[in-house]
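I have placed the structure first, in the form of structure tokens, so that the comments after it can refer back to it.
The values are calculated or read from the model by the stated rules, or taken from the named source; none is laboratory data. The model shown is predicted, which means the values in this text are computed figures rather than measured ones. Heads up, the Cβs are rebuilt from the backbone with ideal geometry, glycines too, and the neighbour counts pull from every protein chain shown. In case anyone asks, the SASA skips ligands and DNA or RNA and just uses the protein heavy atoms, side chains included. Shrake-Rupley method; radii C 1.70, N 1.55, O 1.52, S 1.80 Å.
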Number of protein chains: 4
Amino acid sequence: MNGNRFGRLFQVTTYGESHGDAMGVTVSGCPAGLELDEDDVQAELDRRKPGQSMITTSRGEPDAVAINSGTQDGYTTGTPIGMVIENKDARSGKYEPYVTAPRPSHGDFTYSAKFGTRNWGGGGRSSARETVNWVAAGAVAKKVLEAEGVEVKAHVNQIGDVEAPPVTFEDMVEHAEENEVRCAHPETAEKMLEKIERYQEEGDSIGGSIYFETRGVPRGLGAPRFDSFPARLGQAMMAIPATTGFEFGLGREAREWTGKDRNEDWEFDEEGDPTPVGNKHGGIQGGITTGQPIFGEVTWHAPTSIPKAQTTVDWETGEEKDIQVVGRHDPVLPPRAVPVVEAMLYLTIVDFMLLGGRVNPDRMDGKAGEYDTDYHPRSPGNE
Amino acid sequence: MNGNRFGRLFQVTTYGESHGDAMGVTVSGCPAGLELDEDDVQAELDRRKPGQSMITTSRGEPDAVAINSGTQDGYTTGTPIGMVIENKDARSGKYEPYVTAPRPSHGDFTYSAKFGTRNWGGGGRSSARETVNWVAAGAVAKKVLEAEGVEVKAHVNQIGDVEAPPVTFEDMVEHAEENEVRCAHPETAEKMLEKIERYQEEGDSIGGSIYFETRGVPRGLGAPRFDSFPARLGQAMMAIPATTGFEFGLGREAREWTGKDRNEDWEFDEEGDPTPVGNKHGGIQGGITTGQPIFGEVTWHAPTSIPKAQTTVDWETGEEKDIQVVGRHDPVLPPRAVPVVEAMLYLTIVDFMLLGGRVNPDRMDGKAGEYDTDYHPRSPGNE
Amino acid sequence: MNGNRFGRLFQVTTYGESHGDAMGVTVSGCPAGLELDEDDVQAELDRRKPGQSMITTSRGEPDAVAINSGTQDGYTTGTPIGMVIENKDARSGKYEPYVTAPRPSHGDFTYSAKFGTRNWGGGGRSSARETVNWVAAGAVAKKVLEAEGVEVKAHVNQIGDVEAPPVTFEDMVEHAEENEVRCAHPETAEKMLEKIERYQEEGDSIGGSIYFETRGVPRGLGAPRFDSFPARLGQAMMAIPATTGFEFGLGREAREWTGKDRNEDWEFDEEGDPTPVGNKHGGIQGGITTGQPIFGEVTWHAPTSIPKAQTTVDWETGEEKDIQVVGRHDPVLPPRAVPVVEAMLYLTIVDFMLLGGRVNPDRMDGKAGEYDTDYHPRSPGNE
Amino acid sequence: MNGNRFGRLFQVTTYGESHGDAMGVTVSGCPAGLELDEDDVQAELDRRKPGQSMITTSRGEPDAVAINSGTQDGYTTGTPIGMVIENKDARSGKYEPYVTAPRPSHGDFTYSAKFGTRNWGGGGRSSARETVNWVAAGAVAKKVLEAEGVEVKAHVNQIGDVEAPPVTFEDMVEHAEENEVRCAHPETAEKMLEKIERYQEEGDSIGGSIYFETRGVPRGLGAPRFDSFPARLGQAMMAIPATTGFEFGLGREAREWTGKDRNEDWEFDEEGDPTPVGNKHGGIQGGITTGQPIFGEVTWHAPTSIPKAQTTVDWETGEEKDIQVVGRHDPVLPPRAVPVVEAMLYLTIVDFMLLGGRVNPDRMDGKAGEYDTDYHPRSPGNE
């Protein structure tokens, strides 16, 4: 009945249902002295927000975050950060016919089977609305990692059969946010948009995928055997609603490569450190980061909420019934999932960095506003 | 930097500072189908509330709880319960002189030493105000346990050198809430009150203790070796602010008892089950509950906030300075700690019961209001 | 520095290095009363054992398990099961040249970077030898799940570009163990074997994949949001050494499916329960099991230990050097990984079943040999 | 069914029964580069060993530890340390009459009630023999902390009504190991010994207590609110078999002190740091260490195994029966518990130090024997 926590030292705890009063997330374990205010979090929430374009749900949520604790005069204090995002535009009425008749391929049946009840408005706790909490927590992690020189970027690399050619990290930084699809290859983005609109018109939806890449993740992260870097990142990505596959490095294609072709010799880098020639290993060897960029892909199935006529059964009446899911829904998931993938990467990385003692408190600003309460901040022997 | 979580399956996560915007607590792992509304929680919060009497702080907090998620039409859904209690009467001004000059025997210095900063208003995160979250979570646990026939009761059994004679469980139920001291022995309560008032007049404060006892805790709870029942209960009690000792059964006096005098023979009870003759073991043998009442004591030191003149040093200026803690403070802690002790008992017990599979979902009401989404609720093979 | 634990209630803890004295695994949380002896565990270890055929390493390990605790007269007692498997055929000598010169694409560099040292014999802690512990723990989980009617089966479905056609669960049960490749499609198995032998002769190695499927997993398992079933299974699979991808249901292909084509209507099954028409969802909806078979694929890259000449650098001498990994190695990983995948599935499933209160202690035999110490075993109110 | 793990980053996992094949303990999370061999562990085990004197059980256990993994050429590698201690002198025969007739005040009944079965030889998993694992793990923690300048010492301060006067830390270091009672006050030790021998002759046993104190624990340890230093230390101490009370600082007596008398002003110490005048707070303020010595007391009840005639009931036959516990038993627990208390202190402190990032890897020796595999050991940016 649990499952509402993520992270071992950077601990995220969430609550909230799609049509409940509010979503909430507590971040415990954030280092003290980090400059942080609601605008930092809001900027990320706005990227995930519904109603951004014609290809997202029209639900009108401001997604305004309130930070209830854990900061003082704009700096974190090391104590838990409590955030609340109120739900403002919930309209549960149209879900009434399906209280005891599960929508096709949703979590309605499994939630009812698991708990013997469920919050049915808008999908309740099973709704992807939950990811607003993840993005809020990820925004805090991002701020910590920025101070450490870690960057993360993702873009939509495939929608249906429209696949983008490989792009650089710089392309992603520059172009991913320029279009509604969040594809860093502008021409492909246009084709994707056309495709999505066609499915939308047909009352259908379509699957897709996201490619992600990192910069600046230090070598040595990951705790084999069970908490290797790919194991924990895999958990993070497969927890995102509607994902069906996670790959890193050569991913699924690795099955067709020989050892000789995949293996990478070692050479010295400019600083005289051993470094692999190439990065087919995707930044991870032996379950631990090498310091090279980490990259991979995550796959989403098509949204299950579609206005086409489908069939369900009502366990109360024992009868078949037609169903047309009429709510306000996205015809495709990856465009709004880009900030979610980035958030889960930030959360996974910051947690490993804290576990490895690699977050340098001195890189936090350390001020606490007008009233500075510093006592021998992090002097040797004191930290 | 963590430490804001309690419980393994009944998972409590908290945030909040004494003078922050709000206190917050998330309860994850509460069984579905439990009847629960804000009044259930409020009733317990009101017992802990400041300003109840002349011997508590005059801070005017309504301590009104809002449940943001996890219930539907008055029943829990099995998903996390998010609660928020706004802080309404915070006045930080009088703490300004002590931002860099620690109050005697408070956590000011240690928080600053640990985090390199601290929220100083009203003691920030170190304030006993945090226990409002614990009582809110405990109120939920209490509801679960009521359905299982588990009862918990505590009363103040000593203030300074005024000690109450032994009282029965029924005495505690009947009399503990009748007086401001929460002592179940009325004559002793009066003496305690006199004593407290005298110290209060002198600008001083005084220590004390609480006796607790349970009814209906099933045998078999506790997970030795490291998570024995007394180990986890000890953690719970020693986490309460200002506690300095935890005992159960014969407690500290056990050191003077011989094995022959303390050992208890076995006999059969009315149902033909082996049962110990007597309960000097305090309901726990081998770290596991026997089914007998669990009882013990917890000690509090005197409140450290006193209006008497004391001396501190300012680490900013390097100078000594006088300090008189002028805030609004309790002259004694146990009276308001009674609901906190009970909450921690409920939280500890419910967690062990869930771990042992002993919470019977069928004893939860299982309804979900007007729209009942039940699917084969907890039928065998389905649960 | 941790990462040696798996499972929340069925808790597995491991130790051991490839060339250390022994491998060890502790299983805490196994229900009492399960019939279990060393033969049960040995049977699974023998499937994973080196030296089974020409396409596995020739290292001669008997992999004999000793159960040091947790059972009595052939039945579990509910207390931790400690198992030790001695290493008998470690020959570290040939690893000496590479102590400070990392083997290409192994974990040598990352382990040294993480810990500032490493056990280098045979890959030390980074070796896939660790999975002997997983298979031992999985054998215990399998016994628990057999009593619950849960079955798991895996086979090798691709080696290089040789891909097996879809097979049934029954095919896997019948044919997977018949050939050295553990492919349930005999003709494909032969082609795979040829391919592997060719790479082996060339001093090369090759990647591959495993398909898995379940029977009898009850609906309602999985703890969204962060501990959804695919999230925890993904973690389990991505923790297996050399995996680069995890998929379930339509997996990576889901990106090309429309909602209409993928969505599944509901119908009533023979018992009158709602059941999805089809299983493109792979047994999981909303992160929770539906009761349908769970299936998916895991990809392995080619073994990195190959006898071909490669180049490395020595961080001690600062010089480049040739490297030819001459140890005893597998030319392909999936054949010996089949029992590992099954073990991780068993461990993941049993953990969720315990969390959901779905392991019925009455299905355990409950006897404890000659001296039966049963006390009111698991009577209502007693459990 | 769990409870066999201790520590969050310095993770201890144990198994074993009193009369099983072996006891075992895995330590995961020990820093790499620590000089450690079996002698270090053996030295501590020998202090706890049975058969040391006339006032301990005569069971003849060599308690020889084997380290199976996690070290190389005498240094830790950062990977888990697996230790096994074989049981050599188990004689279960005399426990046969009590398989279904619980010994008075032991864990026989509660274990059977919890698990529906139990390992009955010598008390099985409920035996204090388990603490051999704790002392082994504590020996590793002690080595880590020695490098950090942390010291811990305990002695027996009361047996029955014989109480030792206060002793200094230096007294404990010098005198505690000089006598069989492990009391640092020689004259009191003699009186205690007399008392114990008298009870032993009478076929009885007696309770007692241990006083502990630390040196060099840095300020800032402890993670309020739920994982405050006293909360976690309380858990550790109350997990020790047969303990009934835990106190720190003024302990139980704090209830009689006024705030004015207990509060401590602040002054500057020699280095110009604020420091409390006095240490009535026992080294902990606000749940966090102040840097002052931590001290407290733990109480044990009398051993329950006594040769005097007692009465029990047999749940198999339904009859009363006489019981005389004839095994080999200690007449008093604290003397052999001194190394256990020290071990639990070390384990608690090292865990908090790792959580606070306060274990300096550079103070570990960092060598790894003949083959030094160091790679840029813990250089800035690499750790």
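Which residue is nearest to C:Ala242 (Cα to Cα), if the candidates are limited to the stretch C:200-216 and must be outside any strand (DSSP E or B) and open to solvent by 40 Å² or more (accessible area, probe 1.4 Å)?
Across the stretch C:200-216, the extreme among qualifying residues is C:Gln200.
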Quick one: how many residues across the stretch A:97-140 are more than 7 Å from every other protein chain (Cβ to nearest Cβ) and over 24 Å from the mean Cα position of the chain (by Cα)?
4
Does the stretch C:163-191 hold any residues that are crowded, with 23+ Cβ neighbours inside 10 Å and touching a Ser or Thr at 6+ places or on another chain (Cβ under 7 Å), and which are they?
C:Ala164
Across the stretch C:243-252, what is the total count of residues that are of a type in the set (A, V, I, L, M, F, W, C) and surrounded by fewer than 24 Cβ atoms within 10 Å (Cβ to Cβ)?
1
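Of the residues B:Arg255, B:Arg262, B:Arg232, only one is of a type in the set (D, E, K, R) and open to solvent by less than 10 Å² (accessible area, probe 1.4 Å); which?
Details: B:Arg262 fails: open to solvent by less than 10 Å² (accessible area, probe 1.4 Å); B:Arg232 fails: open to solvent by less than 10 Å² (accessible area, probe 1.4 Å).
So the residue among B:Arg255, B:Arg262, B:Arg232 that is of a type in the set (D, E, K, R) and open to solvent by less than 10 Å² (accessible area, probe 1.4 Å) is B:Arg255.
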Would you confirm whether or not the stretch C:250-269 contains a residue that is part of a loop (DSSP other than H, G, I, E, B) and in contact (Cβ under 8 Å) with a residue 40 or more places away in the chain?
no
In this structure, does B:Asp161 turn out to be in contact with a helix residue (DSSP H, G or I) (Cβ under 6 Å, 6 or more places away or on another chain) and of a type outside the set (Ser, Thr, Tyr)?
yes
Taking the stretch C:269-313 and keeping only residues that are more than 27 Å from A:Leu250 (Cα to Cα) and of a type in the set (Asp, Glu), one is left with C:Asp269, C:Glu270, C:Glu271, C:Asp273
Filtering the stretch C:284-302 down to residues that are open to solvent by less than 10 Å² (accessible area, probe 1.4 Å), within 11 Å of C:Pro334 (Cβ to Cβ) and not aliphatic (A, V, I, L, M) yields C:Thr299, C:Trp300
Please go through the stretch C:72-91 and give me each residue that is open to solvent by 30 Å² or more (accessible area, probe 1.4 Å), touching a helix residue (DSSP H, G or I) at 6+ places or on another chain (Cβ under 9 Å) and facing another protein chain (nearest Cβ under 9 Å), ordered by number.
none
Got at least one residue in the stretch D:92-104 being within 23 Å of D:Ala236 (Cα to Cα) and either open to solvent by less than 10 Å² (accessible area, probe 1.4 Å) or modelled with pLDDT under 95 (or both)?
no
Every residue in the stretch C:290-322 that is at the interface with chain A (Cβ under 7 Å from one of its Cβ atoms) and closer than 30 Å to A:Ser305 by Cβ, please.
C:Thr290
In the stretch A:25-47, which residues are within 16 Å of the chain's Cα centre (by Cα) and open to solvent by less than 10 Å² (accessible area, probe 1.4 Å)?
A:Val25, A:Val27, A:Val41, A:Leu45
Selection from the stretch A:320-357 of residues that are touching a Lys or Arg at 6+ places or on another chain (Cβ under 8 Å) and within 29 Å of A:Pro102 (Cα to Cα)
A:Ile323, A:Gln324, A:Val325, A:Val326, A:Gly327, A:Arg328, A:Asp330, A:Pro334, A:Pro335, A:Arg336, A:Val338, A:Val340
Kindly check whether there is at least one residue in the stretch C:183-194 that is under 22 Å from C:Glu61 (Cβ atoms) and over 19 Å from the mean Cα position of the chain (by Cα).
no
Taking A:Ser305 as meeting all but one of (1) within 20 Å of C:Arg225 (Cα to Cα); (2) open to solvent by less than 10 Å² (accessible area, probe 1.4 Å), write down the number of the exception.
(2)
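Among the residues of the stretch B:4-17, how many are of a type in the set (Gly, Ala, Ser) and surrounded by fewer than 24 Cβ atoms within 10 Å (Cβ to Cβ)?
Selection size over the stretch B:4-17: 0.
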Quickly run through the stretch B:117-151 and pick out the residues that are open to solvent by 10 Å² or more (accessible area, probe 1.4 Å) and not in a helix (DSSP H, G or I).
B:Arg118, B:Asn119, B:Trp120, B:Ser127, B:Ala147, B:Glu148, B:Gly149, B:Glu151
Is the stretch D:268-280 home to any residue that is under 30 Å from D:Ser18 (Cβ atoms) and within 7 Å of another protein chain (Cβ to nearest Cβ)?
no
Answer yes if at least one residue in the stretch C:271-282 is part of a helix (DSSP H, G or I) and open to solvent by less than 10 Å² (accessible area, probe 1.4 Å), and no otherwise.
no
Flag if C:Ile240 is open to solvent by less than 10 Å² (accessible area, probe 1.4 Å), part of a loop (DSSP other than H, G, I, E, B) and hydrophobic (A, V, I, L, M, F, W, C)
yes
Among (1) in contact with a helix residue (DSSP H, G or I) (Cβ under 9 Å, 6 or more places away or on another chain); (2) closer than 17 Å to D:Val338 by Cα; (3) away from every other protein chain (no Cβ under 14 Å), there is one condition D:Leu193 misses while meeting the rest; what is its number?
(1)
Answer yes if at least one residue in the stretch C:326-336 is open to solvent by 40 Å² or more (accessible area, probe 1.4 Å) and more than 21 Å from the chain's Cα centre (by Cα), and no otherwise.
yes
Going through the stretch C:1-27 in order, the residues found to be under 28 Å from C:Gly356 (Cα atoms) and in a loop (DSSP other than H, G, I, E, B) are C:Asn2, C:Gly3, C:Asn4, C:Gly7, C:Arg8, C:Leu9, C:Phe10
